[in-house]
Amino acid sequence: MITGKTKLLGVIGYPIEHSLSPVMHNAAIAELGLDYAYLPFAIKPEDLPTAIAGFEAIGLQGFNVTIPHKQAIMSLLSEISPVAQAVGAVNTVCRTEHGWQGTNTDVAGFLAPLKALQRDWQQTIAVILGNGGAARAVVAACSQLGCAAVQVVGRDRQKLQEFQQSWQTSPVTVNLQTMLWQDLPQLLPTAGLVVNTTPIGMHPHDSQSPIPLEMFPGLQPGAIAYDLIYNPRPTLFLQQAAHHGAIPLDGLEMLVQQGAAALELWLGRSVPVEVMRRSLQEYLANPRL
Ligand code: NAP
């Protein structure tokens, strides 16, 4: 029930209609019996400063940030956590006495399902498909794991060069190389972790795979195939990888864990992760709910 005392949380993006965050956050809030509501806000890039000033005025308690604001928001905050500085993007903002504080929970979200697996990360070469915003969180996570090398595959030489250079001035220590897609056949046989951070294979393009089907036999058996996509579950990439002996991980757990980490920061308490996970599984199985 919305009352006169209801506190507000939310997510900003443009567009925002596709966001699943309201589903899982409101499920957790209901489970905890708290007088909070989590709302989606469609904010055009040019309206971002006005929106943040408005959030200040209405007393919003905190918010998530998604495409296209993850970098632009940084100049509007009073404080940015070391992890968000390292990634170069903010996905969670908290109200503090000193103003808005930004952090990045995507790194912790990405790492959560990997930590359950026994691996010698120092011997592991990670291949990351794509060089956008999510790839930045994955590189920072691979650095935290201590991966032997991180090979980032992209399609635009200029963007790859900028991506490579951005890590040279960052606090993140990582043995990073950037490659073109044509190099993939040489990279796959030595990769212990292959991460798809492109939208290739996302619904409604379920029949697409970032890796051509004929290249899957080159995957190391026992390699981890990690797709950040959570719709469909599994993607064609994960189906094919599992068929060739890889361990598949989809993006749902990352989504749940980055959300749970954000909600913990706003509420200052532990949150019901299983309720958040189940709410998303149920919603994805029947999105008209
Ligand atoms: P982004 O910043 O737009 O980056 C997308 C990357 O994919 C870019 O490097 C882009 O290359 C590349 N790409 C796009 N289409 C391609 C194609 N047809 N062929 C080759 N490369 C292509 O997006 P993002 O924020 O990183 O998100 C990427 C994906 O991760 C999305 O599917 C998103 O839903 C998912 N994600 C999931 C979670 C989670 O919690 N599970 C969190 C964050 C993101 P160019 O730069 O050359 O265009």
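Observations on the structure shown:
- Considered as a group, the residues in region 141-152 that are surrounded by 22 or more Cβ atoms within 10 Å (Cβ to Cβ) and part of a helix (DSSP H, G or I) include one that is farthest from the ligand (Cβ to nearest atom), and that residue is 142.
- Criterion violated by residue 17 - all others in (1) without any contact (Cβ under 8 Å) to a residue 60 or more places away in the chain; (2) open to solvent by less than 40 Å² (accessible area, probe 1.4 Å); (3) within 19 Å of the chain's Cα centre (by Cα) satisfied: (2)
- Out of 54, 33, 59, one residue alone is on the phi < 0 side of the Ramachandran plot and either open to solvent by 50 Å² or more (accessible area, probe 1.4 Å) or out of contact with any Ser or Thr (no Cβ under 6 Å at 6 or more places or on another chain) (or both). It is 54.
- Taking first residues from region 239-251 that are at pLDDT below 95 and partners that are surrounded by fewer than 16 Cβ atoms within 10 Å (Cβ to Cβ), no Cβ contact under 8 Å between residues at least 6 apart in sequence or on separate chains turns up.
Here's the yes/no breakdown for (1) of a type in the set (A, V, I, L, M); (2) more than 9 Å from the ligand (Cβ to nearest atom):
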position	(1), (2)
139	yes, yes
154	no, no
166	no, yes
169	no, yes
175	no, yes
186	no, yes
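- Taking first residues from region 150-163 that are within 22 Å of residue 192 (Cβ to Cβ) and partners that are of a type in the set (A, V, I, L, M) and near the ligand (Cβ under 8 Å from one of its atoms), the Cβ contacts under 7 Å between residues at least 6 apart in sequence or on separate chains come to 152/135; 153/129.
- Selection from region 86-102 of residues that are in contact (Cβ under 8 Å) with a residue 40 or more places away in the chain and either crowded, with 24+ Cβ neighbours inside 10 Å or under 30 Å from residue 183 (Cβ atoms) (or both): 86, 87, 88, 89, 91, 92
- Which listed residue, of 208, 220, is open to solvent by 40 Å² or more (accessible area, probe 1.4 Å), in contact with a helix residue (DSSP H, G or I) (Cβ under 8 Å, 6 or more places away or on another chain), over 22 Å from residue 106 (Cα atoms) and more than 10 Å from the ligand (Cβ to nearest atom): 220
- Qualifying residue in region 153-172 (condition: closer than 19 Å to residue 250 by Cβ and in the same structural domain as residue 245 (by TED's automatic domain parsing)): no
- Filter result (surrounded by 13 or more Cβ atoms within 10 Å (Cβ to Cβ) and in contact with a helix residue (DSSP H, G or I) (Cβ under 9 Å, 6 or more places away or on another chain)) within region 36-46: 36, 37, 38, 39, 40, 41, 43
- Here is the figure for region 61-107: residues that are part of a loop (DSSP other than H, G, I, E, B), within 20 Å of residue 46 (Cβ to Cβ) and under 18 Å from the mean Cα position of the chain (by Cα) total 8.
- Residue within region 112-120 that is open to solvent by less than 40 Å² (accessible area, probe 1.4 Å), closer than 18 Å to residue 169 by Cα and under 20 Å from the mean Cα position of the chain (by Cα) present: no
- Evaluation of residue 281 against (1) among the polar types (S, T, N, Q); (2) under 30 Å from residue 61 (Cβ atoms); (3) crowded, with 22+ Cβ neighbours inside 10 Å (one fails), failing number: (3)
- Within region 125-140, the set of residues being open to solvent by less than 10 Å² (accessible area, probe 1.4 Å) and part of a strand (DSSP E or B) comprises 126, 127, 128, 129.
The values are calculated or read from the model by the stated rules, or taken from the named source; none is laboratory data. Fair warning: this is a prediction, and the values are worked out from it, not measured in the lab. Because the Cβ atoms are built from the backbone with ideal geometry, glycine has one as well, and the counts that use them run over all protein chains shown. Note: accessible area is taken over every heavy atom of the protein model, side chains too, but ligands, DNA and RNA are not part of it. Shrake-Rupley method; radii C 1.70, N 1.55, O 1.52, S 1.80 Å.
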